[in-house]
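Engineer: This is the structure I have questions about; it appears just below.
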Amino acid sequence: MLNVGDQAPDFTLKNDAGEDVSLSSLRGKPVILYWYPRDDTPGCTVEACSFRDAYAEFEQAGAVVLGVSTDNTRSHQKFKNKFSLPFTLLSDTDHQVAEQYGVWGLKKFMGREFEGINRITYLIDENGVVKQVWPKVKPEGHADEILQALRSA
């Protein structure tokens, strides 16, 4: 996992519309990079909808919200349309970027172990430096936590 003060690794991933998005192209704005396990699952839906509901406040703060999972762009399109998500979803199907960010790892669910994305959020400042890290995110209220951090920055 990255730490506060680390330079966030640059990446280019496909968004929900199939277009390339690079972290470096967003310099000059704070970026909320939230990693989630899977589209249209209960916890991920709660988390995405909390970002949706607070989206105007993120825009007002000048921040860019990016959700990232290993789902493909078609899955992202369906998820985004189903819940009217106004922010960009990025597809890291081979989990290479997830590994760079330290979010890919061992997980346990219903008695079995497997590798996947751990729910972690990074607040990256205008210069590409990690300003805050939320490990082991609880989906409920998470968007509010991030808004508080943006306001106090």
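Engineer: With only alpha-carbon atoms in the gyration tensor, what are the semi-axes of the equivalent ellipsoid for the chain, in Å, largest first?
Structural biologist: Here the semi-axes work out to 21, 18, 16 Å.
Engineer: For ASP10, project a label point 7 Å along Cα to C-beta. Then give me every residue of segment 112-133 with its amide nitrogen under 14 Å of that point.
Structural biologist: 127-129
Engineer: With r as the distance between the Cβ atoms of ASP40 and LEU106 and R0 = 25 Å, compute the FRET efficiency 1/(1 + (r/R0)^6) and round to 0.05.
Structural biologist: 0.60
Engineer: Would you mind counting up the charge near PRO139? Only other residues with Cβ under 15 Å from its Cβ, with Lys and Arg at +1 and Asp and Glu at -1.
Structural biologist: The answer is -2.
Engineer: At LYS82 and LYS29, where each label point lies 7 Å from the Cα along Cα→Cβ, what is the point-to-point distance in nanometres?
Structural biologist: Output for this residue pair reads 2.7 nm.
Engineer: Moving on to the next point. Among ASN72, PRO139, PHE51, flag the residue with its Cα farthest along the positive direction of the charge dipole of the chain, charges on Cβ as +1 for Lys/Arg and -1 for Asp/Glu.
Structural biologist: The Cα lying farthest towards the positive end belongs to PRO139.
Engineer: Any idea how many Lys pairs in segment 12-152 come in under 16 angstrom at the alpha carbon, given 8 or more places apart or on separate chains?
Structural biologist: Within segment 12-152, the lysine pair count is 7.
Engineer: Right, next: What are the ³J(HN,Hα) values, in whole Hz, obtained from phi via the Karplus relation 6.51 cos²θ - 1.76 cosθ + 1.60 with θ = phi - 60°, for each residue of segment 92-102 in sequence order, with x given for Gly and Pro?
Structural biologist: My calculation for segment 92-102 gives 10, 4, 9, 6, 5, 5, 4, 5, 4, 8, x Hz in order.
Engineer: What net charge is computed for the residues neighbouring GLY128, neighbours being all others with C-beta under 13 Å from the C-beta of GLY128, Lys and Arg scored +1, Asp and Glu -1? The partial results should precede the final answer.
Structural biologist: Details: positive: ARG27, LYS29, LYS131; negative: ASP6, ASP10, ASP125, GLU126.
Net of charged neighbours comes to -1.
Engineer: For segment 46-104, state what percent of all Cα-Cα pairs lands in each successive 5 Å bin, counting from 0 Å until the bin that includes the largest distance.
Structural biologist: So the P(r) values, bin by bin, are 4, 18, 25, 21, 18, 12, 1.
Engineer: While we're on this one: Over segment 5-153, what is the percentage of antiparallel beta bridges among all DSSP beta bridges, to the nearest 5?
Structural biologist: Working: 21 of 30 bridges.
Taking every DSSP beta bridge within segment 5-153, about 70 percent pair in antiparallel fashion.
Engineer: With +1 on the Cβ of every Lys and Arg and -1 on the Cβ of every Asp and Glu, and nothing else charged, how large is the dipole of the chain about its Cα centre, in debye rounded to the nearest 20?
Structural biologist: It comes to approximately 320 debye.
FYI, it's all coordinate maths here, none of it is from the lab. Keep in mind the model is a prediction, meaning the values are calculated, not measured. Neighbour counts run over all protein chains shown; Cβ positions are idealised from the backbone, glycine included.
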